[in-house]
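Structure, as C-alpha cells:
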Amino acid sequence: MSAQKLEAAAQAMVADGKGILAIDESSPTIKKRFDTIKTECTEENRRAYRELLITCAGLEEFVSGMILFDETIRQSTSDGVPFPELMKNKGIMPGIKVDKGAKDLAGHPGEKVTEGLDGLRDRLAEYRELGAPFAKWRAVITIGDGIPSLGCIEANAHGLARYAALCQEAGLVPMVEPEVLLDGNHSIERCFEVTEATLRALFSSLHQQRVLLEGTILKASMVLSGKNAPSRAGVEAVAEQTIACLKRSVPAALPGVVFLSGGQAPQEATAHLNAMNAITGDLPWKLSFSYSRALQEPALNTWAGSAANGKSAQDALHHRAQLNSAASLGKYSEAMEKQAA
Ligand code: 13P
C-alpha cells in the first residue's frame, strides 16, 4: 500500500469525534471478564457477546474502528455475516491484535517482553485478506523497585518497531501500544519519568526501523499516580502531565494518540480524556480513546450473559461511546452521565 493510503487510514482512525473500541481480549482475559458476571467462557458466549458489541446501532458515529482478537475476526453473526464484513458495511474498521502476549523477560525479574514477531509477515498477509486495515501490538512496562530497566524498555521498543515496519510493508496501519502499568504505589512524577523514557525509546526504534510516522497511531497510557499511591493526582494534573509528557516525546508527524484505560473506572477515563482536549486546541496530534474496559464495563455488567439484556447492554455501550466521543472534542461534562443514550 502506498504511503498516502496508510496516512489516510491512520487519519480516519482519529477522525473528529471518533475513537476506537478495543474488543481484542485474549481467551484468558475474556474469561476473567466473564467470571465477573458468572458467565461461562464458551466460544458461543464469546461470539454472542462480541456480536452484541459489533451490531450496536449508531456506534459508528463515535467509533472509527474496533480491535478484534484472532478468534473474533473469523467469527460471524448468528445469521452468518462475517464480523469484518458487517463492520465494514457500518463504516467501522476491523482492526486486529497481532502480538502473542507479554512473556517473562530473561534475566529481568518482574519484567516482560512481548512476543509474536516469528511468522508475523505471513499472519499480517492473512489478516489483510480478512479485511483488517490496522493492527495492534501491546508491550507492558512495569514500575517497581529498580524497574523498569533499560533492557526491558529497549527490548519492547525494538519489538514494537519491528512489528510496525512489518505492518506497513503489508499495508496495515500499526497501532503501537507501550503500556506503562497502573499497578503500584508510585507517584505521578515517577509515571511521567517512565512514560517519557518509554516513548523516547519507542520513537527512536521506530525511526531506526524506517517506520512512517504519518501512517502510525500511538496507543498510550495516561500519566497517572499508581493505583495504590497514598494520594492520587486529580483530573487536571493527569491531563497536564500527560500532555507535557507527550509533547516531550511524541513527534508532531504522528496523526493521533489514542489512550488505553488500563484499569481506570469508566467515568474517570472519560474525564481525563476530556480534560486533555479541553486544555488546548493547538496540539499537533488528535487525542482520543481506544478503551476496552472503560467502554465495555457497563455493557458487560448489563448483559450479564443473558440474550434478554442485549438491547440494554447496547444502550449502555452507546452511551459510554457517546460520552467518550464528546471527551475527544473536549465537550464532555459530568451532567451528561445521567442523560439517556
Ligand atoms: P483497557 O482499556 O481495558 O486497558 O484495554 C486496552 C487494550 O489495550 C485493549 O486493546
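Just so it is clear, none of the values below were taken in a lab; they were calculated from the coordinates. Fair warning: this is a prediction, and the values are worked out from it, not measured in the lab. With ideal geometry, Cβ positions are generated from the backbone for all residues, glycine too; neighbour counts draw on all protein chains shown.
Counting other C-beta atoms within 10 Å, and keeping those with at most 16, which DSSP coil trypsin sites (Lys or Arg not before Pro) do you find in the range 1-88? It would help to have the intermediate numbers written out before the result.
On the way: sites: Lys5, Lys18, Lys31, Lys32, Arg33, Lys38, Arg46, Arg47, Arg50, Arg74, Lys88; in loops: Lys18, Lys38, Arg74.
Passing sites in the range 1-88 are Lys38, Arg74.
At q = 0.09, 0.11, 0.15, 0.17 Å⁻¹, what log₁₀ I(q)/I(0) does the range 72-225 have when each alpha carbon counts as one equal point scatterer in the Debye sum?
Values, matching the q order: -0.32, -0.47, -0.80, -0.95.
Compute for the range 1-154: radius of gyration divided by Kirkwood radius, i.e. Rg/Rh, restricted to C-alpha atoms, rounded to two decimals.
1.01
GluC sites (Glu not before Pro) within the range 8-113: which are DSSP loop residues with at most 14 other Cβ atoms inside 10 Å?
Qualifying residues, ordered by number: Glu40.
From the phi of every residue in the range 120-128, what ³J(HN,Hα) in whole Hz does the Karplus formula 6.51 cos²θ - 1.76 cosθ + 1.60 yield, where θ is phi - 60° and glycine or proline is x?
5, 4, 5, 5, 5, 4, 5, 4, 4
Which of the pairs Lys5/Lys103; Lys100/Lys331; Lys18/Lys227 have their Cα atoms more than 32 Å apart in this structure?
Listed pairs above 32 Å: Lys5/Lys103; Lys100/Lys331.
Only bridges whose two residues both fall in the chain count here: according to DSSP, what percent of them are antiparallel, nearest 5?
Numbers: 5 of 35 bridges.
Beta bridges within the chain, antiparallel portion: roughly 15 percent.
What is the Cα convex hull volume of the range 166-287 when expressed per residue in Å³? Mind showing how you got there, number by number?
Numbers: hull volume 12.0 nm³, N = 122.
Each residue corresponds to 98 Å³ of Cα convex hull volume.
Along the Cα→Cβ direction, 7 angstrom out, place labels at Ala244 and Asp282. What is the inter-label distance in nm?
It works out to 1.9 nm between the two label points.
Provide the three semi-axes, in whole Å and in decreasing order, of the ellipsoid equivalent to the range 230-341 as defined by the square roots of 5 times the Cα gyration tensor eigenvalues.
Each semi-axis is √(5λ); the values are 28, 14, 13 Å.
Using the Kirkwood formula on the Cα atoms of the range 107-153, what hydrodynamic radius do you get, in angstrom to one decimal? Could the numbers behind the result be given before it?
Details: mean 1/r = 0.0770 Å⁻¹.
Taking the inverse mean of 1/r over all distinct Cα pairs, the range 107-153 comes out at 13.0 Å.
Return the long-range amide H neighbours of Phe134 (sequence gap of 5 or more, or a different chain), with a cut-off of under 5 Å between placed amide H atoms.
Here the answer is Ile96, Val173, since their amide H atoms fall under 5 Å of that of Phe134.
Taking the Cα-to-Cβ direction at Asp16 and at Ala125 and moving 7 Å from each Cα, how far apart do the two end points lie in nm?
Here the modelled spin labels are 4.1 nm apart.
Give me the compactness ratio for the chain, meaning the Cα radius of gyration over 2.2 N^0.38 Å.
Working: Rg = 18.7 Å, N = 341, 2.2 N^0.38 = 20.2 Å.
Against the compact-globule rule of thumb, the ratio is 0.93.
Going by how many other Cβ atoms sit within 10 Å of their own, how do His319, His186, His207 line up, fewest first? Working shown, then result.
On the way: His319 17, His186 21, His207 12.
The fewest-first ordering by Cβ neighbours comes to His207, His319, His186.
When you count, for each residue, the other Cβ atoms within 10 Å and take the mean per peptide, how do 246-252, 11-17 rank with the highest first?
11-17, 246-252
Using the Karplus equation 6.51 cos²θ - 1.76 cosθ + 1.60 (θ = phi - 60°), what ³J(HN,Hα) coupling, rounded to whole Hz, does each residue of the range 110-118 give in order, writing x for Gly and Pro?
Each residue of the range 110-118 in turn: x, 10, 10, 10, 8, 9, x, 6, 4 Hz.
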